[in-house]
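K.L.:
Structure provided below as structure tokens; questions to follow.
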Amino acid sequence: MKMNILIVTSTRADFSLLKNLYKKLNASYTTKMLVTGTHLSKAYGYTIKEIKKSKINIYNTINWKSFSDNEINISRNFSKTLEQITAIFKKDKFDLLILLGDRYEILAAAISAHLSRVPIAHLHGGEVTGGVIDDAFRHSITKLSQIHFVANDTYKKRVIQLGEAPERVHNVGALGVENIKKKNFLKKNALEKKLGICFLKRVIVINFHPETLKPNFAKLQIDILLSSLEKLKDTSLIFTMSGMDVESDVIKKSIKNFIKKNKNAHFYKSLGYELFFSLLSHIDFMIGNSSSGIFEMPYFNKITINLGDRQKGRVKAKSIVNVEITKSAITNSINNFYDGKYNSLLKNLKKPFGKGETTNKIVGIIKKTNFNDILIKKFNDR
């Protein structure tokens, strides 16, 4: 009898990573996808339409009443997700739940599975993001999971340090690398047409999120970044939308006000990973504090100017330039890039997240795993 597998997706970012894994698993198992979070929000691009275009079996949806970024609303969404996924597990039998990352709704899904005695395979555990509340969520999901697929050996070691059995922790690399290795990128003219703009001489992508462990800092930080960008000449500034975090609305408001005053600036709610990766293949560099700057940009052999503490603690390639969120530091880093001072960082660049074979590795490990008594875990004291 085929295994019945459920995958949960809640953001455009995790879907871009889970899409290929779903298709590969579905060739061997009965695989379904539960859709929740910002996929169902018009303000965030209503990205469930991308899932439907991909001809994926959407098993169920959990729609939140509000997508406001305050703590009370986030707690309500957590509670609703926890309750409804638990009800799903009560109704239908699943042999495995696959979860990716560190968001609060993913933690809710993990708790539901634990209560319902459904084994969990967790992707991208063991990572550290010192500037955000999600860091604790990720490690909590690790302790609720039975199988761990991590992105490199540093993260494997950390999951084992959390007490997980070494034989259940597998370094498979990062899923995003596969999408880049395919190199199905649009040429410049086709990309410009899709985006509805013409690139200027220079092109920069900006992806900035709040440091959620620093309350009431988001507006100050985004305004410093914007003031560092506003006088750049002959430069297309491409802003992509931040996820739903505490104080993310403050960031979106500042960016939209900036765009009204600067014709060279453009804002996109959701590009989808094919269009986003095509964009990254044509830009000069990325600036902000997004994980895509850490995981994906090195595989394009491009520089990331990484701002502040949101990604503090992650394994980073040499191409990641860490910069404080001050106007002088940001301005200097941009000038250094265009003066060629970072060129040496790209020579013989070592990429720390695998070679793009992650999906096959995950499916192969699942096929070899004995799921009898897998719920029983012993704390690893070694």
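K.L.:
Check whether at least one residue in the range 46-58 is modelled with pLDDT of 95 or more and aromatic (F, W, Y), and report yes or no.
P.N.:
Scanning the range 46-58, I find no residue that is modelled with pLDDT of 95 or more and aromatic (F, W, Y), so the answer is no.
K.L.:
Kindly establish whether F185 is more than 16 Å from S242 (Cβ to Cβ), crowded, with 17+ Cβ neighbours inside 10 Å, of a type in the set (F, W, Y) and touching a residue at least 12 places away in the same chain (Cβ under 8 Å).
P.N.:
Answer is yes for this residue.
K.L.:
Any residue at all in the range 88-102 that's crowded, with 23+ Cβ neighbours inside 10 Å and of a type in the set (D, E)?
P.N.:
yes
K.L.:
Checking the conditions here, which among I111, I120, I141, I147 is surrounded by fewer than 21 Cβ atoms within 10 Å (Cβ to Cβ) and of a type outside the set (S, T, Y)?
P.N.:
Just a single option satisfies the conditions, and that option is I111.
K.L.:
OK, next. Determine, yes or no, whether G130 is touching a Gly at 6+ places or on another chain (Cβ under 8 Å) and not aromatic (F, W, Y).
P.N.:
yes
K.L.:
With the structure loaded, tell me whether D381 is in contact (Cβ under 8 Å) with a residue 24 or more places away in the chain and outside the structural domain of S227 (by TED's automatic domain parsing) or whether it fails that test.
P.N.:
Yes.
K.L.:
Say whether the condition of being crowded, with 23+ Cβ neighbours inside 10 Å, in a loop (DSSP other than H, G, I, E, B) and modelled with pLDDT of 95 or more is met by at least one residue in the range 327-339.
P.N.:
No, the range 327-339 has no match at all.
K.L.:
In the range 125-145, what residues are in contact with a Ser or Thr (Cβ under 9 Å, 6 or more places away or on another chain) and modelled with pLDDT of 95 or more?
P.N.:
Passing the criteria: G125, G126, E127, R138.
K.L.:
Tell me, please, whether a residue that is basic (K, R) and either farther than 30 Å from I72 by Cα or modelled with pLDDT of 95 or more (or both) can be found in the range 292-303.
P.N.:
Checked against the condition, which is being basic (K, R) and either farther than 30 Å from I72 by Cα or modelled with pLDDT of 95 or more (or both), the range 292-303 yields at least one hit.
K.L.:
Please go through (1) modelled with pLDDT of 95 or more; (2) surrounded by 18 or more Cβ atoms within 10 Å (Cβ to Cβ); (3) among the hydroxyl-bearing types (S, T, Y) for T30 and return the number of the only condition it doesn't satisfy.
P.N.:
Going through (1) modelled with pLDDT of 95 or more; (2) surrounded by 18 or more Cβ atoms within 10 Å (Cβ to Cβ); (3) among the hydroxyl-bearing types (S, T, Y) one by one, T30 breaks only (2).
K.L.:
Would you confirm, using the coordinates I've provided, whether S270 is closer than 30 Å to R76 by Cβ, of a type outside the set (A, V, I, L, M, F, W, C) and touching a helix residue (DSSP H, G or I) at 6+ places or on another chain (Cβ under 6 Å)?
P.N.:
Considered against the rule, which asks whether it is closer than 30 Å to R76 by Cβ, of a type outside the set (A, V, I, L, M, F, W, C) and touching a helix residue (DSSP H, G or I) at 6+ places or on another chain (Cβ under 6 Å), S270 comes out as yes.
The values are calculated or read from the model by the stated rules, or taken from the named source; none is laboratory data. Worth saying up front: this structure is predicted, and the values here are computed from it rather than measured. Methodologically, a virtual Cβ is constructed for each residue, glycine included, from the backbone with ideal geometry; neighbour enumeration extends over all protein chains shown.
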